[in-house]
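Visitor: Attaching a single structure in structure tokens format; questions to follow.
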Amino acid sequence: MPLFLCAQDITGHWRGVLKVQSFQLHIVFNVTKTGDIYSSTMDSPDQGVSGIPVTTVTFRDSLLIIKVSNARIEYKGKLIAPNRIEGMFYQSGQTLKLNLARDDGKSDLIKRPQEPIPPFSYYSENVKIKKNDFTISGTLTLPSKDGVYPLVILISGSGKQDRDGQVFGHKPFLVLSDYLTKSGMAVFRFDDRETGESTGDFESATTLDFAEDVDSILNYLKSRKEINKSQIGLIGHSEGGMIAPLVSVKSHDIKFIILLAAPGIPGKNLLLLQQESIGKASGIREDELKNSRLINSGAYDIIINGIDSDSIKNALRKYFKKIVKSQENSAKLSEVEIDELIEKQVSILSNPWLQFFIKYDPGKVLSQVKCPVLALNGKMDLQVPSNINLQAIRSNLEKGGNKKIIIRELPNLNHLFQECETGLPVEYNLIEQTFSPLVLEEISQWILLLVK
């Protein structure tokens, strides 16, 4: 028997590589010990995620078991040498081999060849805009300091994002603004509330609040002498593609909008479709997907039909308690564990932004948009599936009599407009490309034709 087994030390950073279809995903477990109790966090460097809380860690007779209940992850591995663990990674019905080796905890550098590096060939200015009791901070770029230019305002998707739209190790808005500014346009990109240099309350805000933020930005930029007030447009990605139409129907100053992977169907339907699309691509069984759809659809209906926050929470608690009690493994859980599980779900679904999103139908606003619209969607987008959303966008724009529209489904592109293989979110960070050059060119050329 090897001597190391007499004094096994499992603490430290352990790194391994999951082979998921045609690409690889690095996983890091950071194991610590206090007294006799082990704990850990999990990192996914390729996805730009770190510090994921681990539910339980056990290590006995050389066997390491790590569980992340919220993500339905379990890892079981055998310590076979001081610096090596061999085991299996389980998640949502998938079983993948994952061997771990001791690691220094430092993530590998990932190449981002499109990311522009200063000094830039154009004028760039940090801007702060006062709105009520908080500040919106952003960057205004101009081809040169002197001149008058068409303007585009970039609006990010859901979640806290900085002015570069930083997500999964990419900075798509930095790449887009650089390209458009070099094409002869003024571009404004900004930090979301409570992000970067912007202040304010993000957690209680909804899509309508974010639309008001863009209104404030618009009012400020109209006062700038460098801006051609008759040539102002909005580019919205994902949720930003819901915000852009909201702003455009309120303001005659908006002369065009570009919708990038924008929702065209009601929020409830989009969330269910997204869960199904990602689930299928991830290899989750059909029966599991069907069960999840039924459960989530029922919860969303409670939100849609609810009268107020308290009644919705109480209805959700009763709903989830009934579901948990009906599941086979519920007998293994104590009442306290069941209540904790239910409260986590209720807390997630009580978020004001999510409740608004579930209830919202973007079609009603799209039918009121009168300015020219360019709507683009990647065919491999699993978050906002292209076919059904582009059809809904076209239908609603045409319903309102808007004939100045271009709708395009783009092959081989994912939700971030990267050339991809699967479209899965786990792939975003692994792709070196930040934004398809062909899409950058199409956006630029469409705007330049409008403003010439």
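Visitor: As an exercise: evaluate Leu5 against (1) at pLDDT below 90; (2) of a type outside the set (Asp, Glu); (3) assigned to a strand (DSSP E or B); (4) surrounded by fewer than 18 Cβ atoms within 10 Å (Cβ to Cβ) and give the number of the one condition it does not meet.
Guide: Result: Leu5 passes all but (3).
Visitor: Any residue at all in the stretch 186-205 that's in contact with a helix residue (DSSP H, G or I) (Cβ under 9 Å, 6 or more places away or on another chain), among the polar types (S, T, N, Q) and surrounded by fewer than 17 Cβ atoms within 10 Å (Cβ to Cβ)?
Guide: So far as the stretch 186-205 goes, yes, one or more of its residues are in contact with a helix residue (DSSP H, G or I) (Cβ under 9 Å, 6 or more places away or on another chain), among the polar types (S, T, N, Q) and surrounded by fewer than 17 Cβ atoms within 10 Å (Cβ to Cβ).
Visitor: Now for a different question. Please list, ordered by residue number, the strands (runs of 3 or more DSSP E) wholly in the stretch 134-243 having 2 or more residues that are within 15 Å of the chain's Cα centre (by Cα).
Guide: Per the criteria, 227-237.
Visitor: So, one more: Quick one: count up the residues across the stretch 118-144 that are closer than 19 Å to Asn228 by Cα and free of Cβ contacts under 8 Å to residues at least 24 places away in the same chain.
Guide: Final tally of qualifying residues: 4.
Visitor: Somewhere in the stretch 420-443, is a residue closer than 25 Å to Leu208 by Cβ, free of Cβ contacts under 8 Å to residues at least 40 places away in the same chain and among the aliphatic types (A, V, I, L, M)?
Guide: no
Visitor: Now a separate question. Restricting to the stretch 217-227, count the residues that are crowded, with 17+ Cβ neighbours inside 10 Å and either closer than 11 Å to Ile129 by Cα or aliphatic (A, V, I, L, M) (or both).
Guide: Of the residues in that region, 5 qualify.
Visitor: Could you give me the residue pairs with C-beta distances under 7 Å whose first residue belongs to the stretch 180-196 and is at positive phi, whose second residue is of a type outside the set (Lys, Arg) wherever it lies, and which are 6+ apart or on separate chains?
Guide: Gly184/Pro143; Gly184/Tyr149; Glu194/Gly200; Glu194/Asp201; Glu194/Phe202; Gly196/Ser137; Gly196/Asp162
Visitor: For residues that are surrounded by 13 or more Cβ atoms within 10 Å (Cβ to Cβ), out of contact with any Phe, Trp or Tyr (no Cβ under 7 Å at 6 or more places or on another chain) and hydrophobic (A, V, I, L, M, F, W, C), tally how many sit in the stretch 333-345.
Guide: The number of residues fulfilling the criteria is 3.
Visitor: Among residues belonging to the stretch 51-77 that are assigned to a strand (DSSP E or B) and exposed (fewer than 14 other Cβ atoms within 10 Å of the Cβ), point out the one that is nearest to the chain's Cα centre (by Cα).
Guide: Step by step, filter the stretch 51-77, then rank; the result is Gly51.
Visitor: Looking only at the stretch 408-425, which residues are closer than 23 Å to Lys268 by Cα and either surrounded by fewer than 22 Cβ atoms within 10 Å (Cβ to Cβ) or not small (Gly, Ala, Ser) (or both)?
Guide: Glu409, Asn414, His415, Leu416, Leu424, Pro425
The values are calculated or read from the model by the stated rules, or taken from the named source; none is laboratory data. For clarity, every value in this text was computed on a predicted model and none was experimentally measured. Note: ideal-geometry Cβ built from the backbone for every residue, glycine included; neighbour counts use all protein chains shown.
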